[in-house]
Amino acid sequence: MTTAERKSPLDQLRPVLELLADGQVHSGQALGAALGVSRAAVWKQLQKLADYGLELESVKGRGYRIPGGLDLLDAARLGQALHPEASGLLNRLVLRDEVDSTNARVLALLEEGGGHGVAMLAERQTAGRGRRGRQWISPFSAGVSLSVGWQFSGGVQLLEGLSLAVGVALAEALEEFAVPDVTLKWPNDVWCRGRKLAGVLLELTGDLTDRCGVVVGVGMNVGLPRAQAAAIDQPWIDLQQVQPGIDRNALAAAMLSRLLPLLAGYGDRGFAAYREAWQSRDAFAGQPVELRSAHQSWHGIARGVDAAGALVLELEGGKLRTFHGGEISLRGAQG
Ligand code: BTN
């Protein structure tokens, strides 16, 4: 089932945003007529756009435009592009203009007992969560911020390697749009040309030995405004730089079309079904790397992942050792 629900202070601005989304110049009078409000009321609404980080250009004597336009999320278009199998697995599609964090919202739904099969997308997150306590920068309409809730019975051990499998699903979705040079960086970053294109954050709730819920959170950079991207503290890239023009609704649908079946089958299939696909996209395979944990670091050659998704390093003397956590980077490089 596909439904759209919108609830935020941005709601009032949605109609004017839809008019300006084409990137063309619209006069105050034309906007007022289309919205059924006075020019003064239009002006008031336009002033508010800056509060949401939206750039509005005033074209002397002609009106206003959003440079480059906006590719807004749309439940009908997204739903139409969804693969039938995923459509059948989707219980509820929630589109929000603004939310603190889609992961936080879907986690709360799971805790209330209603988050299974829920996919939430937001145009903008004010407190997007990244791994290791980082903030995920999610400016309005500049990326895909998506969280999917799923209930598993059988405990958290069934979810071993899930975040890596999600990376595979995202890479395959990007390949559908012919995005070049997509690789995976252990444990769960999607890279392109040596920089981060998307990140995955899994959050768990419930009884970790039995019935538990997982939120699969995915943030993908589509076209980040430079001013807002300046706050990102790691090398990043967006689709605009490598494959411009990808429709965000089609992209989100392609992601969901792979993520929902992945979640539905993961309890039975596990990481084994995705290991080869992960290794074939391994950004660091066979390369000298450094793995850092909070207190220690190891040097070795990256030798892929084991059946559980743990990183395999070949240490000095040829000994293989597996690691379940830490941050990997190319030796002598930042990553
Ligand atoms: C990372 O640090 O690499 C993980 C980033 C995950 C960001 C996504 S955006 C949608 C979802 N909601 C959040 O608050 N975080 C995830």
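A few notes on this one:
- Net length gained if the chain between Gln157 and Gln228 were fully extended (0.36 nm per residue, minus Cα distance): 21.7 nm
- Average accessible area per residue (Å²) across the stretch 288-332 - probe 1.4 Å, nucleic acids and ligands excluded: 54
- Take every DSSP beta bridge whose two residues both sit in the chain; close to 85 percent of them are antiparallel.
- Segment Glu175-Ala273, length gained on full extension (0.36 nm per residue, minus Cα span): 33.4 nm
- Candidate lysines for bridging to Lys319, where Cα separation is under 24 Å - those fewer than 8 sequence places away on the same chain excluded: Lys185
- A Cβ-based charge dipole, computed about the Cα centre of the chain with Lys and Arg at +1 and Asp and Glu at -1, lands at about 740 debye.
- Spatial separation of Cα centroids for the stretch 17-73 and the stretch 147-205, in angstrom: 37
- When the helices of the chain are scored as -39500 (n - 2.57) per DSSP H run of n ≥ 4 and the total is divided over every residue, the value at 222 nm lands at -8500 deg cm²/dmol.
- Mean Kyte hydropathy of 1.0 or more with a Cα span along the axis of at least 15 Å, helices from DSSP in the chain: 162-176
- Estimated FRET transfer efficiency when R0 is 25 angstrom, pair Gln29-Glu57 (beta carbons, to 0.05): 0.90
- Net charge over other residues, Cβ less than 12 angstrom from the Cβ of Ala108 (K, R count +1; D, E count -1): -3
- Within the chain, the percentage of alpha carbon pairs spaced more than 27 angstrom apart rounds to 47%.
- Placing unit charges on the Cβ atoms only, positive for Lys and Arg and negative for Asp and Glu, gives the stretch 202-335 a dipole magnitude near 200 debye about its Cα centre.
- Dipole orientation for the chain: of the candidates Leu260, Trp298, Gly161, Trp298 has the Cα lying most toward the positive pole (charges on Cβ; Lys, Arg +1; Asp, Glu -1).
- In this calculation the C-beta distance from Gln240 to Ala108 is compared with R0 = 41 Å, giving a FRET efficiency of 0.80.
- Assigned charges on the beta-carbon of Lys, Arg, Asp, Glu; the stretch 22-65 dipole about Cα centre (debye): 200
- Rounded percent of accessible protein surface that carbon and sulfur make up, the stretch 240-335, 1.4 Å probe: 45
- Solvent-accessible area per residue in the stretch 91-220 equals 32 Å², computed with a 1.4 angstrom probe and all protein chains kept.
- Computed from backbone phi with θ = phi - 60° and the Karplus coefficients 6.51, -1.76 and 1.60, the 3J(HN,Hα) list for the stretch 194-203 is x, 10, 7, 9, 8, x, 10, 10, 9, 10 Hz; x is used for glycine and proline.
- Applying 0.36 nm per residue to the separation of Ala294 and Arg321 and subtracting their alpha-carbon distance, the gain on full extension is 7.9 nm.
The values are calculated or read from the model by the stated rules, or taken from the named source; none is laboratory data. What you are looking at is a predicted structure, and each value in this text was computed from that prediction instead of being measured. Every residue, glycine as well, gets a Cβ built from its backbone with ideal geometry; the counts of neighbours run over all protein chains shown. Remember, those area values only see protein heavy atoms, side chains included, never the ligands or the DNA or RNA. Shrake-Rupley method; radii C 1.70, N 1.55, O 1.52, S 1.80 Å.
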